[in-house]
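Each value in this text was obtained by applying a stated rule to the coordinates, not by laboratory testing. Fair warning: this is a prediction, and the values are worked out from it, not measured in the lab. FYI the Cβ positions are ideal-geometry reconstructions off the backbone, even for glycines, and counts take in every protein chain you see.
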Amino acid sequence: MAFILAIDQGTSSSRSIIYDKNANPIAMAQMVFTQYYPHPGWVEHDAEEIWQAQVTVCRQALAQAQLTAKDIAGIGITNQRETTVIWHRKTGKPIYNAIVWQDRRTADSCTQLKDAGLEPMITAKTGLLIDAYFSATKIQWLLNHVEGAREQAERGELAFGTIDSWLVWNLSLGELHITDVSNASRTLLYNIDTLMWDADLLALFNIPASLLPTVKSSCEIYGHTHNEAIGSGIAIAAIAGDQQAALFGQLCIEAGMTKCTYGTGSFLMMNTGSTRVVSTNGLLTTIAWQIGDTVNYALEGSVFIGGALIQWLRDGLSLFAQASDSEALAGSVADNGGIYFVPALTGLGAPHWDANARGAIFGITRGTTAAHITRAALESICFQVDELLQVLSADSGTPILQLRIDGGAAANNLMVQFQADLSAVEIIRSTHLETTALGAAYLAGMAVGLWTVDELKNNWRIDRSFQGILPAQDSILLKQQWLKAVGRSKNWLTENKTG
Ligand code: ADP
């Protein structure tokens, strides 16, 4: 029993990875599932399909590793956050598709709550902002729109869960209806100071408490699998939301340690230890994890368009065939040639917060080539991350000297070097790229006594580190030009409408 099974249930695919007793991955299986877009701005998943996909990849990974359930010491779960499922307690059948975090159907009800001046109260309790992204208004929508749901909920017949709860319910054949603090802290219903579902918020959103899972720590044996699909008797031993699991997988376990995941977007998270830091710049405060009785808080900031910009250059402009080709193309010119690319394709998030900004490329001359534009696109990912690093540092009062990175785009050496230069930080890229699954595995292995944090620290391997070498005056000039470009892209939609 020296293996850990990590279940990594993402937004576009379900993955399972098996780790050996040294926390090295030995088998991996992955399966894509269906995305439903029933109306503009709506995004749904079929929770049953997610469960079946997860069973399939768990079985495939076990087969690949030539293991069975009895070889697995524990399961660690990490998952897409905020996505909302409600199901019947009796039958285990969902009442409706899962409403995905990206879904905007409840944006208007969020605007009403903001207009009613409720945001400061909600932020004080939850650390979040009022947004359709989080679970509360999604639950409200399901109760109000699915026939009979509200009455059934009031009779205690329904269960709500984020995807972690849904998977654990199925793994335990309905014995466990639980979540962990990191997932609970993304619902807009959980008080991150008292560590309880908040009665005022439940009343405000008109959500019966009987719907809610019991909130547990992120690292303990909650119970065992009873499901023959994967095998009975495996300890279910860890749960953490995806970004929090990645923070743990990067072993950012002390206050001030920060990670950035360069994927479709860029996701930054700073461990703030036992202190709940309040952001004055619109960052989210969230729970990173709870181990034993100790709760760790984090500050979180996201860039909407990161690697997605490279996808757009590839698919929208056909500048190259593969995302990784961007590095050689950008490297074929000495610098950006004066080009600044503001990737506000869906508006700008922290620290600019302008939903009406749109993408723009500035500084084009007759000498501009596809290489300059590609270089500017890669640099724009770094400028956005740099702005969040500055805000994280200001809000927490902690200078960020080292940044641990992962995600598909973190493979781009040119981009990462530019980040180190621009932000004057040491950047560490670990050999483990699947840090999300790794974090869930680390937590599960700790819960079942396979390893301790200190042993994990010794297991930490650096693939490459990058030092900033650009003179400070050069990076100041670059940032000035970037801010000038951002300024000109702002409020584009309104300007356009008013002529
Ligand atoms: P996600 O988990 O968000 O789906 P990944 O971590 O798999 O994303 O990263 C994929 C993203 O990274 C894509 O948007 C892709 O364009 C970008 N990407 C992948 N490889 C590179 C590269 N070498 N250089 C720049 N961007 C890249």
| Peptides 433-443, 222-232 ordered by average Cβ neighbours within 10 Å, highest first | 433-443, 222-232
| query | Which lysines does LYS479 reach when only Cα atoms under 30 Å apart count, and residues fewer than 8 places away in its own chain are ignored? | reply | LYS259, LYS490, LYS497
| query | How big is the charge dipole of region 203-299 about its Cα centre, in debye rounded to the nearest 20, if each Lys and Arg gets +1 on its Cβ and each Asp and Glu gets -1 on its Cβ? | reply | 220
| request: With unit charges on the beta carbon (Lys/Arg positive, Asp/Glu negative), name the residue among PRO120, THR78, HIS145 whose Cα is farthest towards the positive pole of the charge dipole of region 28-179. | output: THR78
| task | Please state the charge dipole magnitude for region 3-243, taken about the Cα centre, from unit charges on C-beta atoms (+1 on K and R, -1 on D and E), reported in debye and rounded to the nearest 20. | result | 300
| field | Peptides 176-187, 3-14 ordered by average Cβ neighbours within 10 Å, highest first | value | 176-187, 3-14
| For region 1-54 and region 429-499, what is the separation of their C-alpha centers, rounded to whole Å? | 23
| task | Would you work out which of SER396, GLY468, PHE3 lies farthest towards the positive end of the dipole of the chain? Charges go on Cβ: Lys and Arg +1, Asp and Glu -1. | result | GLY468
| remark: the chain, Kirkwood Rh and Cα Rg, ratio Rg/Rh at 0.97
| query | Any idea how many Lys pairs in region 3-243 come in under 23 angstrom at the alpha carbon, given 8 or more places apart or on separate chains? | reply | 9
| said: Whole-Hz ³J(HN,Hα) for each residue in region 177-182, computed from phi via Karplus 6.51 cos²θ - 1.76 cosθ + 1.60 with θ = phi - 60°, x for glycine and proline: what do you get? | reply: 10, 9, 9, 10, 4, 5
| query | Roughly how many debye, to the nearest 20, is the charge dipole of the chain about its Cα centre, given +1 on each Lys and Arg Cβ, -1 on each Asp and Glu Cβ, and no other charges? | reply | 560
| note | Given 10 °C, 1.306 mPa s and a Kirkwood radius over Cα pairs, the Stokes-Einstein diffusion coefficient of region 3-243 in µm²/s is 87
| query | Cα centroids of region 388-409 and region 96-129: how far apart, whole angstrom? | reply | 26
| note | Residue span LEU401 to GLU151: 0.36 nm per residue of separation minus Cα-Cα distance leaves a gain in nm of 84.6 nm
| note | Other residues with Cβ under 12 Å from the Cβ of CYS219 give, with Lys and Arg +1 and Asp and Glu -1, a net charge of -2
| task | With the Cα gyration tensor of region 361-442 in hand, give its eigenvalues times 5 under a square root as the equivalent ellipsoid semi-axes, listed largest first in whole angstrom. | result | 27, 18, 10
| Between the helical axis of 47-65 and the dominant principal axis of the chain, each derived from Cα atoms, what acute angle in degrees is found, rounded to the nearest 10? | 90
| remark: Checking rank on 159-172, 93-106, 239-252, 111-124, with mean other Cβ inside 10 Å and highest first, the result is 239-252, 159-172, 93-106, 111-124
